[in-house]
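The values are calculated or read from the model by the stated rules, or taken from the named source; none is laboratory data. On a predicted model such as this, the values are computed, not experimentally measured, just so you know. Note: ideal-geometry Cβ built from the backbone for every residue, glycine included; neighbour counts use all protein chains shown.
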Amino acid sequence: MLLIIQIFLVFSIVVIVLIAKGYSVKRKLQVPLYYLFLGGDVGGRNPIKVENKNLVGMPDALFFNLLKLRFVVCEFKSRNYTGVNLYERAQITLYMGMLNKWYLPAPQGIVAYGNGFAVRVRFNKSLFNEICGLRKQCLVELGKF
């Protein structure tokens, strides 16, 4: 019985530590506390690199949603919210697409703004493919020099 209590206490402490990790980032980006903070450069932390073939990106924060078993990519913009512009949508779609290539459930995207608004962005496969096509087009143009 004592062993069961000790295992439960150790498990509880590990869960609390994992939930508390990245608390200030979770508050800033307005994500639930049960998301696991995997890394990011918000708040002076070390950035996490997301790679897929020839594409590399470093989102502001990367979380893992334990309830839905999917990644959550977050970007923080210091400007006030006036709507998600195409650049921000493309940036977060690129990160989600890179994660989607090797992990099956579609990741979620969140863009948080300096005035406290946080907007969820859905993965847009056609926009991701268009961005990848631009990369190929850019390499062709660079090859001309």
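Annotations
- Residues of the range 5-35 that are among the aliphatic types (A, V, I, L, M) and farther than 18 Å from Arg120 by Cβ: Ile5, Ile7, Leu9, Val10, Ile13, Val14, Val15, Ile16, Val17, Leu18, Ile19, Ala20.
- Filter result (among the β-branched types (Val, Ile, Thr) and within 15 Å of Arg135 (Cα to Cα)) within the range 87-110: Thr93
- For the range 25-59, a residue qualifies if it is among the hydroxyl-bearing types (Ser, Thr, Tyr) and under 17 Å from Val111 (Cβ atoms), and exactly one does: Tyr35.
Results for (1) in a loop (DSSP other than H, G, I, E, B); (2) over 14 Å from the mean Cα position of the chain (by Cα); (3) within 19 Å of Leu99 (Cα to Cα), shown as yes or no for each residue.
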residue: Leu33; (1), (2), (3): yes, yes, no
residue: Val42; (1), (2), (3): yes, no, no
residue: Pro47; (1), (2), (3): yes, no, yes
residue: Pro59; (1), (2), (3): yes, no, yes
residue: Phe64; (1), (2), (3): no, no, yes
residue: Lys68; (1), (2), (3): yes, yes, yes
residue: Phe71; (1), (2), (3): no, no, yes
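- Within the range 111-128, residues that are more than 12 Å from Gln30 (Cβ to Cβ) have Cβ atoms under 6 Å from residues that are in a helix (DSSP H, G or I) and of a type in the set (Val, Ile, Thr) in these pairs: Val121/Ile92; Asn124/Thr93; Leu127/Thr93; Phe128/Thr93, counting only partners at least 6 apart in sequence or on another chain.
- The range 93-106, residues that are over 8 Å from the mean Cα position of the chain (by Cα) and surrounded by 15 or more Cβ atoms within 10 Å (Cβ to Cβ): Thr93, Leu94, Gly97, Met98, Leu99, Asn100, Ala106
- The range 15-31, residues that are in contact (Cβ under 8 Å) with a residue 24 or more places away in the chain and more than 17 Å from Gly114 (Cβ to Cβ): Gly22
- Filter result (under 20 Å from Gly114 (Cα atoms) and acidic (Asp, Glu)) within the range 32-61: Asp41, Asp60
- The condition (being in a helix (DSSP H, G or I) and more than 21 Å from the chain's Cα centre (by Cα)) is satisfied by just one residue among Val14, Val25: Val14.
- Within the range 90-145, the set of residues being of a type in the set (Phe, Trp, Tyr) and in a helix (DSSP H, G or I) comprises Tyr95, Phe128.
- Tyr87 meets the conditions (1) under 27 Å from Leu33 (Cα atoms); (2) out of contact with any helix residue (DSSP H, G or I) (no Cβ under 9 Å at 6 or more places or on another chain) in every case but one. The failed one is (1).
- Check on Tyr81, modelled with pLDDT of 90 or more, surrounded by fewer than 21 Cβ atoms within 10 Å (Cβ to Cβ) and not in a strand (DSSP E or B): yes
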